[in-house]
Amino acid sequence: MANEKKTDYRAELFYQPKHGYDRITAKERAALEEYAEAYKVFLNEARIEREAVKLSIAMAEEKGFTEYVPGMALKPGAKIYYNNRDKALILAVIGKAPLSDGCVIAGAHIDAPRLDLKQQPLMEAEELAFFRTHYYGGIKKYQWVATPLELHGVVALKTGELVDVTIGRDPADPQLVITDLLPHLGGDQGKKTLSEAITGEGLKLLIGSVPYAEPGKDRVKLAIMSILNDRYGITEEDFLSAELMAVPAMEVRDIGLDRSMIGGYGHDDRSCAFAELKAILELKTPPRTAVCILADKEETGSDGVTGMLSQAFDFFMEDLCASQNVPLRRCYEKSFCLSADVCNGYDPLYPEVSELANNAKLNYGVGICKYTGSRGKSGTSDASAEVVAYLRKVFAEKGVVWQMAELGKVDQGGGGTIAKYMANRGIDTIDAGVPVLSMHAPFEIVAKFDCYMTYKAVAALYAAK
């Protein structure tokens, strides 16, 4: 009897997480697969933030959302969106309760690590043409060489016209690449550290090799410029006002013989952005106003007019509050924000960087990060115990499978999200999102189960009273 009592106590008193697939029904597993297929389509089509905004607006308008105009009547159930310069987006569904009761916010970012073309990118060296690049966000530079790449973005002409550029997405298009040394001649390169072996200035895209028919200098460069002029009507000077980005050309694919995972570019943070988007598009009239933020510039610190450090979000919320004669700060102090950003998934091939008991694992659900930052919690908002308890309650009521997460061992490194910028506004905020393997690599890995549970988490919070 004594042994039996101890066994009962363990079940009652110990925290014992279970594998996600041991916790869901066959019906929910089918819903999970359906969600994953929709997400794969989104991830394939939204390669850069402009494309993510355009696609999200199209999806929102199909569900009855209209573009917000200051002063417009906003009754409970109204569905609106605010397009911030085609690079960031805010959506809202007006709730039954007044904004003096606060709102429920979910914020994710839609930018991802990539290679931006420099403002004067085109060059020729020994009758080969290249584009100079400047990497965006935190990358391991060696991962981007000998990898097929596409070019996406816009060229802004002096007339104000925007020219959309997409090269490499269509199967009939050519693709671009950064060359690497052959191993036969890479002895000296191999002696360098990973960060030194490939330099930032060395990340040049190979774009052509055939010279223009007429004699003269820079004949290959001229031939490439002629192709671009024929296709897009641009000249070399137009690169000065262009935003062109090289991103991985690999298709989103199921990973694993059991198809339980998804591999693709941009899971950080479009896996969470899609979860937010789908959750708000399905809302009718929530208890409190629901807000979905799809932000830009997170990978470089959230600065700029489309980042979370700008006042774009505050202006939008101030307009909503003014329509109900509610001071903005009163709304913020009663609001809740889920900073929906990915966390690192535990990788048993690299166990030395993680503390297993506090690290998220694939297939254990949405990962809740009480704090991010680095080492001594530098640069984190560190959510309160009450906020974590609130999540536990809401998720338990709605059947959300979740786990606690931490960004590696204490002294190993660290990182940040938009959470602290929301918390600095006086809004209770906590991070939660999809665990990722190979984060910031050209081809990241997530579990379908965790993607689905992140969506369920956002939907549960939007519906909470």
Take the conditions without any contact (Cβ under 8 Å) to a residue 12 or more places away in the chain, assigned to a helix (DSSP H, G or I) and open to solvent by 20 Å² or more (accessible area, probe 1.4 Å) and apply them to Glu318. Does it pass? yes
Residues that are at pLDDT 90 or above and surrounded by 24 or more Cβ atoms within 10 Å (Cβ to Cβ), drawn from the stretch 403-420: Ala405, Thr417, Ile418, Ala419
Would you pick out the residues in the stretch 266-295 that are open to solvent by 10 Å² or more (accessible area, probe 1.4 Å), in contact with a strand residue (DSSP E or B) (Cβ under 9 Å, 6 or more places away or on another chain) and farther than 16 Å from Val53 by Cα? Leu283, Lys284, Thr285, Pro287, Arg288
Would you confirm, using the coordinates I've provided, whether Val366 is buried (at least 24 other Cβ atoms within 10 Å of the Cβ) and more than 17 Å from Ile418 (Cα to Cα)? yes
Considering residues of the stretch 126-152 that are under 13 Å from Gly202 (Cα atoms) and in a strand (DSSP E or B) only, the residue farthest from the chain's Cα centre (by Cα): Phe130
Counted residues in the stretch 288-337 being farther than 14 Å from Gly102 by Cα and basic (Lys, Arg) come to 1
The residue from Tyr371, Tyr390, Tyr364, Tyr346 that alone is in contact with a strand residue (DSSP E or B) (Cβ under 9 Å, 6 or more places away or on another chain), aromatic (Phe, Trp, Tyr) and at pLDDT below 95 is Tyr371
Tyr82 - would you say it is out of contact with any Lys or Arg (no Cβ under 7 Å at 6 or more places or on another chain), part of a helix (DSSP H, G or I) and open to solvent by 50 Å² or more (accessible area, probe 1.4 Å)? no
Qualifying residue in the stretch 239-246 (condition: of a type outside the set (Gly, Ala, Ser), in contact (Cβ under 8 Å) with a residue 12 or more places away in the chain, under 20 Å from Lys54 (Cα atoms) and part of a helix (DSSP H, G or I)): no
The stretch 141-158, subset within 15 Å of His440 (Cα to Cα) and of a type outside the set (A, V, I, L, M), residue least open to solvent (accessible area, probe 1.4 Å): Trp144
Could you tell me how many of the residues in the stretch 22-57 are open to solvent by less than 50 Å² (accessible area, probe 1.4 Å), in a helix (DSSP H, G or I) and not polar (S, T, N, Q)? 17
Checked the stretch 273-306 for anything within 13 Å of the chain's Cα centre (by Cα) and either farther than 17 Å from Cys337 by Cα or not aliphatic (A, V, I, L, M) (or both); matches are Phe274, Glu276, Asp296, Lys297, Glu298, Glu299, Thr300, Ser302
Scanning the stretch 166-201 for residues that are within 32 Å of the chain's Cα centre (by Cα) and open to solvent by less than 40 Å² (accessible area, probe 1.4 Å), the one nearest to Asn44 (Cα to Cα) turns out to be Gly168
Could you check how many residues of the stretch 205-240 are in contact with a Lys or Arg (Cβ under 9 Å, 6 or more places away or on another chain) and surrounded by 13 or more Cβ atoms within 10 Å (Cβ to Cβ)? 7
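The values are calculated or read from the model by the stated rules, or taken from the named source; none is laboratory data. Please read all numbers here as calculations on a predicted model, not as lab measurements. Note: ideal-geometry Cβ built from the backbone for every residue, glycine included; neighbour counts use all protein chains shown. Calculation scope for accessible area: heavy atoms of the full protein, side chains included, ligands and nucleic acids excluded. Shrake-Rupley method; radii C 1.70, N 1.55, O 1.52, S 1.80 Å.
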